Structures are given as structure tokens and as C-alpha cells.
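*Asks:* Structure below; questions to follow.
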Amino acid sequence: MARITAGVTTSHVPAIAAAIDLGKQQQPYWAPIFKGFEFSRKWMAEHKPDVAILIYNDHASAFDATIFPTFAIGCADEFLSADEGWGRRPVPVVKGNSDFACHIAQSLILQEFDMTVVNRMDVDHGLTVPLNLLFGDLQPEDQWPCQVVPFPINVVQYPPPTGKRCYDLGKALRKAVESYPEDLKVVVFGTGGMSHQLQGTRAGLINREWDTRFLDGLTKDPVGLTRIPHIEYVRETGSEGIEMVMWLAMRGALNDNVKEVYRFYHVPCSNTALGHIILENQS
Amino acid sequence: MSAKNLSPYLNEFEDIPGTLVFNTFRSRQGFNLNQFCMSLMKPENREKFKANEAEYLKPWNLTEAQTQGVLKRDYLSMMREGGNIYFLAKLFSTDGLPYLVAVATMTGMSQEEYSNMMLHGGRSPKGVRSKSNPSL
């Protein structure tokens, strides 16, 4: 059967995409950020998952203002990098796993999580930046080392799903994965966050203390984190800090008992506090 | 949370200073503006827009305030007229600007002041958590 072995969270700041695409990794502003992922890239290269289920939010790329699916899953064979206004990113085509994704979609719906099934879509920086950070700065002619099931959650139009709903979705996602007959090693990504506000006169808000507590809780007390209301995310971590509910979807898919093998936190990355953690399932 | 009365949920966000939460009502208000922005995901549309911005905007039926917001690149005004940052990103990306620069324009700070604030740990939440309780 398919099994989830680990979870990864990371911010997916679009400026990281630009830094990679323009070759700025060694510049003083960017060097500490990429250094923060050196361990992670080694860990991932050794971990060798067959599939990454990548939870992220679409930033008005695949979905325009006509539709805001709360929970969606990409069931296509492949996904191109979206043109977000500066051309498509020069990254490898993202190869999906259609059969596995279709199985997950059906299982989740039957577990009463009413997924939107997406059979064609482009994927934006929310998905490609985490792939870069964990798998390296690959060129279009390269291949990502594993298949990817894109799993967009709406956090753009309020209200987004609650943290508890996302955590419960993660639990159902785990059951969906484990009911798939093929022997697949799966890593779940929860992306976005940490504190950032990209709008209004309060833009630039960063709350290191709150973010640190969230990182601590992610490992040791995720159920406690599910009780955080939307207003607290916005008040304490900014209007876009709400993306952290997606981390709880990842966490729900793991065992209660996990080992934190790596953590990285850095301010600033553009307007954002960059947070990253790797959790391995423990029995 | 009460399923019948959403007001407490929505009003709490209004208590946060300098913040416009993009809810379903604002999404309705900004629909045309945001859809215009989406059109800029195609290179040929970006070229048409750059060639004659006012002309390009006509078929999108924007309000006068939205039109002026776009032409003046007044991002705070566009947000107030129902714009959302991820849609507006297509507009500042067409201009070749990163999020850091576009976002800073909404704060009343200069680019240098804003960048320096970020380099020194960002904006502290102290004092900007609540309009009704500025001491928080």
C-alpha cells in the first residue's frame, strides 16, 4: 500500500522564484535563505519519495475570480508553470500521478470532504517554489525527482477553511493514501506562511514570537493549533499569515508522534517570515 | 461560531487597523477589476495594455475609481475597490515590479524605509493589533 513517511512545510515566497530564475542565490540577501535549505535538499535526496502531495494555495493563477474552490486536487498527468505576469517560470514540467490523485479525490469525497477535481491547470509559485527549495534549482530540460499531486486550498478569499477543518482533511488524506494498493512512498507538503501581510498600511507585519510558538506546536501539539481562530492568524501574523492553516492539513496526514528533523526560520524574505520544518513519522 | 449570525466573525476583521480582508463581498465588488488583472497573464494582452492602458480598460467595465486606481497604480485604492493582491500582482508584474515594491506603496512609507523595516525584522504587531485597543 501507499504510505506517508514524512511531512515538509515551507513558505512559498514568489521572490524566491525570481531569485532562482535570475541566478541571485549567492547574493548577500539570498545566500542565507538558500543555505537554510542545504540540509533539506540533502535530506530529500536521501529520502527519495515516489510522490509528493503538495498542499498550497493558488494565487489567482489556475483559478480566476469566477471560482474559488475550497479544496481542490490536480488529477492531470502534467502541470505547466503558470504565467503570473512575467512569463512561465523556466522549471521542469510537473509530472502528476493521475491514477493516485483520482483515487485520493474519490476517497476524500466518500469521507465527506467534497473535493473539486481539476483535470487541467497551471501551477504557480505556490507549488514550484517549494519544489525548488527541496529538490534544487532545476532547469526546464531536467525532471523533478518525484511525481507531484497538486492540492490547492483556498486561502485567498475569506473565509478560508478553519485550521481544524484542514487538520481533519489531513487525517482523511492519510486514509486515502493508505487505501491505495500500489506501494508508494509519499511525502506531504504544507506550504505558505509564516507571518506576512501583503496589503494595506499594516503591510510588512512579522511576528517571530507567534511563528515560533506555531512551529513548536506543529511538532508537539497540533490539536492545540487547530483551536486558533482565523482572527488570531490575521491579528497576530497578518492577512496572508492565514496560509498557515495549510500546514495543519499536512500535519493531520502524519502520525500523532513525529520527529522534527529540521527547522529553519528567517526574516525577511521579501515581505515574509520564511518558515520551514521537516517532520518524520514515528511509530 | 454561530452559523446564523456572521457579523461577529466579519466585524472582528474590521477591528484590525490597516487591513482589508478579501471576503466574498469584496470579491463581488472587485470582480471586474480582478478579472482585468487576470487578462494580463497573456503576453499579447500585456503588450496591448502597455500600448494604450485607458483603451484596454474600456471593455472591462471598471468603476471610475477602479480605472483611476489602475492608471495611477494606486494599490491601496485598488484594494479598497475590491482588488486582491494576488490578482493585482499581474498588474505590477506587467510593470516589472516585485511584491516588495508594490506592497510598500500601500504603507505610506518610502521604499527605502519599508525595505529597512523588513531587514530589521519587519513591522512589530505591537500597537497594530486592534483599532479598539491600540495598546495591544
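The values are calculated or read from the model by the stated rules, or taken from the named source; none is laboratory data. Quick caveat: nothing in here was measured; it's all calculated off a predicted structure. When we count neighbours, we look across all protein chains shown, and the Cβ atoms used for this are built from the backbone with ideal geometry, even at glycine.
*Asks:* Looking at the stretch B:1-25, which of its residues are outside any loop (DSSP other than H, G, I, E, B) and among the acidic types (Asp, Glu)?
*Replies:* Across the stretch B:1-25, the qualifying residues are B:Glu12, B:Glu14.
*Asks:* Only one of (1) at pLDDT below 95; (2) out of contact with any Ser or Thr (no Cβ under 6 Å at 6 or more places or on another chain) fails for B:Leu136. Which number is that?
*Replies:* (2)
*Asks:* Given the stretch B:33-74, what helices (runs of 4 or more DSSP H) lie entirely inside it while holding 1 or more residues that are within 14 Å of chain A (Cβ to nearest Cβ) and surrounded by fewer than 18 Cβ atoms within 10 Å (Cβ to Cβ)?
*Replies:* B:43-51
*Asks:* Can A:Gly85 be described as within 14 Å of chain B (Cβ to nearest Cβ) and not polar (S, T, N, Q)?
*Replies:* Considered against the rule, which asks whether it is within 14 Å of chain B (Cβ to nearest Cβ) and not polar (S, T, N, Q), A:Gly85 comes out as yes.
*Asks:* Which residues, counting only those in the stretch A:116-160, are closer than 30 Å to B:Phe25 by Cβ and among the hydrophobic types (A, V, I, L, M, F, W, C)?
*Replies:* Selection gives A:Val117, A:Val118, A:Met121, A:Val123, A:Leu127, A:Phe151, A:Ile153, A:Val155, A:Val156.
*Asks:* Just to be sure I understand, how many residues within the stretch A:15-49 are in contact (Cβ under 8 Å) with a residue 40 or more places away in the chain, surrounded by 17 or more Cβ atoms within 10 Å (Cβ to Cβ) and closer than 19 Å to A:Trp144 by Cβ?
*Replies:* 9
*Asks:* Can you work out which of the residues in the stretch A:156-197 that are surrounded by 24 or more Cβ atoms within 10 Å (Cβ to Cβ) and in a loop (DSSP other than H, G, I, E, B) is farthest from the other protein chains (Cβ to nearest Cβ)?
*Replies:* Ranking the qualifying residues of the stretch A:156-197, first place goes to A:Gly193.
*Asks:* So A:Glu243 ticks every box in (1) within 14 Å of another protein chain (Cβ to nearest Cβ); (2) acidic (Asp, Glu); (3) without any contact (Cβ under 8 Å) to a residue 24 or more places away in the chain but one. Which box is left unticked?
*Replies:* Going through (1) within 14 Å of another protein chain (Cβ to nearest Cβ); (2) acidic (Asp, Glu); (3) without any contact (Cβ under 8 Å) to a residue 24 or more places away in the chain one by one, A:Glu243 breaks only (3).
*Asks:* Still on this structure, please answer the following. Pairs please, first residue from the stretch A:219-238 and within 8 Å of another protein chain (Cβ to nearest Cβ), second anywhere and in a helix (DSSP H, G or I) and among the small types (Gly, Ala, Ser), Cβ atoms under 8 Å, 6+ apart in sequence or on different chains.
*Replies:* A:Val234/A:Gly241
*Asks:* Applying the selection to the stretch B:1-32, what residues are hydrophobic (A, V, I, L, M, F, W, C), facing chain A (nearest Cβ under 9 Å) and under 22 Å from A:Arg202 (Cα atoms)?
*Replies:* Those that are hydrophobic (A, V, I, L, M, F, W, C), facing chain A (nearest Cβ under 9 Å) and under 22 Å from A:Arg202 (Cα atoms): B:Leu10, B:Phe13, B:Ile16, B:Leu20, B:Val21, B:Phe22.
*Asks:* Of all helices (runs of 4 or more DSSP H) completely enclosed by the stretch B:81-129, which ones contain at least 2 residues that are more than 7 Å from chain A (Cβ to nearest Cβ) and under 25 Å from A:His266 (Cα atoms)?
*Replies:* The qualifying helices (runs of 4 or more DSSP H) are B:99-104, B:111-119.
*Asks:* Surrounded by 17 or more Cβ atoms within 10 Å (Cβ to Cβ), touching a residue at least 40 places away in the same chain (Cβ under 8 Å) and away from chain B (no Cβ under 14 Å): is that true of A:Leu254 in this structure?
*Replies:* Judged against the criteria, A:Leu254 is a match.
*Asks:* Pick out the one residue from A:Phe79, A:Phe68, A:Phe63 that is within 13 Å of chain B (Cβ to nearest Cβ), touching a Pro at 6+ places or on another chain (Cβ under 9 Å) and at pLDDT 95 or above.
*Replies:* Answer to the selection: A:Phe63.
*Asks:* Let me ask something else. Against the conditions (1) farther than 30 Å from B:Leu33 by Cα; (2) crowded, with 21+ Cβ neighbours inside 10 Å, where does A:Glu84 fall short? Just the number, please.
*Replies:* Going through the list (1) farther than 30 Å from B:Leu33 by Cα; (2) crowded, with 21+ Cβ neighbours inside 10 Å, A:Glu84 breaks only (1).
*Asks:* While we're looking at this one, here's another question. Answer with yes or no whether B:Phe49 is under 22 Å from A:Glu84 (Cβ atoms), more than 15 Å from the chain's Cα centre (by Cα) and at pLDDT 95 or above.
*Replies:* Taking the combined requirement at face value, the residue satisfies it.
*Asks:* I'd like the residue in the stretch A:22-60 that is within 14 Å of another protein chain (Cβ to nearest Cβ) and in contact with a strand residue (DSSP E or B) (Cβ under 7 Å, 6 or more places away or on another chain) and, out of all such residues, is nearest to A:Lys171 (Cα to Cα).
*Replies:* If we take residues in the stretch A:22-60 being within 14 Å of another protein chain (Cβ to nearest Cβ) and in contact with a strand residue (DSSP E or B) (Cβ under 7 Å, 6 or more places away or on another chain), then A:Tyr56 is nearest to A:Lys171 (Cα to Cα).
*Asks:* Which members of the stretch B:8-40 meet the condition of being among the aliphatic types (A, V, I, L, M), in contact (Cβ under 8 Å) with a residue 24 or more places away in the chain and farther than 13 Å from B:Ile85 by Cα?
*Replies:* B:Ile16, B:Leu40
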